[in-house]
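The values are calculated or read from the model by the stated rules, or taken from the named source; none is laboratory data. It should be emphasised that the depicted structure is a prediction, and the values quoted were computed from it without experimental measurement. Glycine also receives a Cβ, built like all others from the backbone with ideal geometry; neighbour counts cover every protein chain displayed. The area values use the complete protein model at the heavy-atom level, side chains included, leaving out ligands, DNA and RNA. Shrake-Rupley method; radii C 1.70, N 1.55, O 1.52, S 1.80 Å.
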Amino acid sequence: MKKVIMTAVAAIAFAGAAFADPLEGLWQTAQDDNGNYGHIQVAPCGSALCGTLIKSFDGGGNEIGSDFTGRNIISETVARGDGQYRGKVYAPDRDKTYNSRLQLSGNSLSVSGCVLGICRDGGTWTRVQ
């Protein structure tokens, strides 16, 4: 009986992993206006996806402290099909939140967004893990 229960628990755990959204995981952002970049952990938050800044780096790849660590950089993000996502993206270097357009292609994520008709290309993020 104990084996049956353990097998059922393992099956449920693996089934959950099988349904993970392709955007989930750790992403490295493009460099910002200051040459800095970060690692963003994307995970479910309610019925959408959010991405939290977990580490920041300077242009030389040295880890730096940031007041934005722990902050959602992407939020309210939902899949639209064919690797397209829509939601919000926060740019710490400009202290602005944009309506985002994300395009996932393998291990690359093209990020862009607009606020009040002003659009910005956020560059291409690459999957870390």
Of all residues in segment 27-61, count the ones that are open to solvent by less than 50 Å² (accessible area, probe 1.4 Å), of a type in the set (S, T, N, Q) and part of a loop (DSSP other than H, G, I, E, B). 2
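Can you tell me how many residues within segment 62-82 are part of a loop (DSSP other than H, G, I, E, B) and either at pLDDT 95 or above or within 24 Å of residue 104 (Cβ to Cβ) (or both)? Please lay out each step first, then the result.
Here is the first cut: in segment 62-82, the residues part of a loop (DSSP other than H, G, I, E, B) are 62, 65-71, 82.
From what's left, either at pLDDT 95 or above or within 24 Å of residue 104 (Cβ to Cβ) (or both): 62, 68-71, 82.
Number satisfying all stated conditions: 6.
Give the residue, chosen from 70, 87, 65, that is of a type outside the set (Val, Ile, Thr) and open to solvent by less than 50 Å² (accessible area, probe 1.4 Å).
Values: 70 fails: open to solvent by less than 50 Å² (accessible area, probe 1.4 Å); 65 fails: open to solvent by less than 50 Å² (accessible area, probe 1.4 Å).
Answer to the selection: 87.
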